[in-house]
1. Report every pair of residues separated by at least 6 positions or lying on different chains whose Cβ atoms are under 9 Å apart, first residue within region 298-315 and of a type in the set (G, A, S), second modelled with pLDDT under 80 and exposed (fewer than 14 other Cβ atoms within 10 Å of the Cβ).
2. Of E35, E11, which residue is charged (D, E, K, R), closer than 20 Å to F147 by Cβ and either outside the structural domain of R211 (by TED's automatic domain parsing) or not in a helix (DSSP H, G or I) (or both)?
3. I want to confirm something. Restricting to region 175-207 and keeping residues that are of a type in the set (A, V, I, L, M, F, W, C) and touching a residue at least 60 places away in the same chain (Cβ under 8 Å), which single residue is farthest from I46 (Cα to Cα)?
4. Scanning region 10-63 for residues that are touching a Gly at 6+ places or on another chain (Cβ under 8 Å) and among the basic types (K, R), which turns out surrounded by the fewest Cβ atoms within 10 Å (Cβ to Cβ)?
5. Could you tell me how many of the residues in region 137-194 are β-branched (V, I, T) and more than 30 Å from V99 (Cα to Cα)?
6. Across region 88-110, what is the total count of residues that are out of contact with any Leu (no Cβ under 9 Å at 6 or more places or on another chain) and crowded, with 20+ Cβ neighbours inside 10 Å?
7. Is there any pair linking a residue in region 105-116 that is within 14 Å of N78 (Cβ to Cβ) to one that is part of a loop (DSSP other than H, G, I, E, B) and not charged (D, E, K, R), with Cβ under 7 Å and at least six apart or on different chains, and which?
8. For residues in region 113-152 being in contact with a His (Cβ under 7 Å, 6 or more places away or on another chain) and outside any loop (DSSP other than H, G, I, E, B), which is surrounded by the most Cβ atoms within 10 Å (Cβ to Cβ)?
Amino acid sequence: MRQDLSGSVSEFLLHVHDASARLAPEDFQMWTLRELQRHIDFDFAIWGAGDGHDRRLHRASVYNQVETLFQTWEPVKNEDGYADLVIGNTGKTWTLSQVPNVFRTRAYNEHWRLYDAREMLSTMQVDPVTGLHVFVTLSRDRLERRFTEPERRFKNLVTKHLFVAARHNDQAQLGRTGAPAALIDHLGHVHASLPGFIELIVDEWGAAAGRRLPRAAAQDLWQRGHHEALGLHLDAEPAGTRLLVRARRRAALPPSLSRRELEVAWAYANGKSQKMVARELDISPTTVHTHLRRIYQKLGVTDKGALALWLTRHG
């Protein structure tokens, strides 16, 4: 134990909440784990979020350990007794040694042992915004360095404040964008958002999209950095393990094109073949060809490049 923990809680939380207002989200979690190490000694730490039901990891900040840590967890995650304990008892703090015969299990020997995790201290709760299980786990590399009861109490007390501070940190980052914005993970789940962003998203795709963007939109944002919907334009930039996404309405539908023609035009201009457009819109290739012929006639363009330029200027 670094110091007498009884009087350090307020000081620690004051520093954390101050940092949440000024640090970027991609820096805040790592800074906080380093600060926590001044109060509780540990060798590596994880601050993550995932689905406690299928145990799919959505994001994680890994401190003082390899970033590929969870690759070896995938094959054994459903056999991990420590995960069972922590996921099944949210809001409390648990040590690895509380799992019976843990060092004989496949999950330990094929995963945690590889990273010298001899003792761990983990706290988890369900995020009220995303519905994901968020957690902070600390690890030590020697059995004789077990976490003490004062350390467990300290971590149990401060971790709930860390989760709140992280939400404040996300909102502070979004507030600096000057636009309707959100932070999403690689699966499209919305971790934090401004009200204007949710309004635009729900208008475009319905209420469910306010929690998770449509798969095609999320893929475009991660792969291309932008996505064009019928009435919405999204831009994205990396923000640590997530994306910072900005949204704005597109201009009103051009009166010369029908809604279906505009869908075909955008899909085709974005580089898809006529067959790919047909599959995406669930229509026949012949129908796509007919739509494109009419679109070209209406707009006075002769090729895909000219169509893309027209849509950029008027779409």
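The values are calculated or read from the model by the stated rules, or taken from the named source; none is laboratory data. Quick caveat, the model's predicted, so the values are computed rather than measured. Neighbour counts run over all protein chains shown; Cβ positions are idealised from the backbone, glycine included.
1. A306/G300; G315/A251
2. Being charged (D, E, K, R), closer than 20 Å to F147 by Cβ and either outside the structural domain of R211 (by TED's automatic domain parsing) or not in a helix (DSSP H, G or I) (or both) holds for just one of E35, E11, which is E35.
3. As a first pass, look at region 175-207 and keep what is of a type in the set (A, V, I, L, M, F, W, C): 179, 181-184, 187, 190, 192, 194, 197-198, 200-202, 205, 207.
Narrowing further to those that are touching a residue at least 60 places away in the same chain (Cβ under 8 Å): 179, 181-184, 187, 190, 192.
On the way: A179: 31, A181: 27, A182: 23, L183: 20, I184: 19, L187: 20, V190: 21, A192: 20 Å.
Here the residue is A179.
4. This residue is R56.
5. Number of matching residues: 3.
6. 1
7. Partner pairs satisfying both residue conditions: E110/T72; H111/T72; H111/W73.
8. To start, the set of residues in region 113-152 that are in contact with a His (Cβ under 7 Å, 6 or more places away or on another chain) comprises 124, 126, 130, 132.
If we keep only those that are outside any loop (DSSP other than H, G, I, E, B) too, we end up with 124, 126.
Values: M124: 26, V126: 14.
Looking at the filtered set, the residue picked out is M124.
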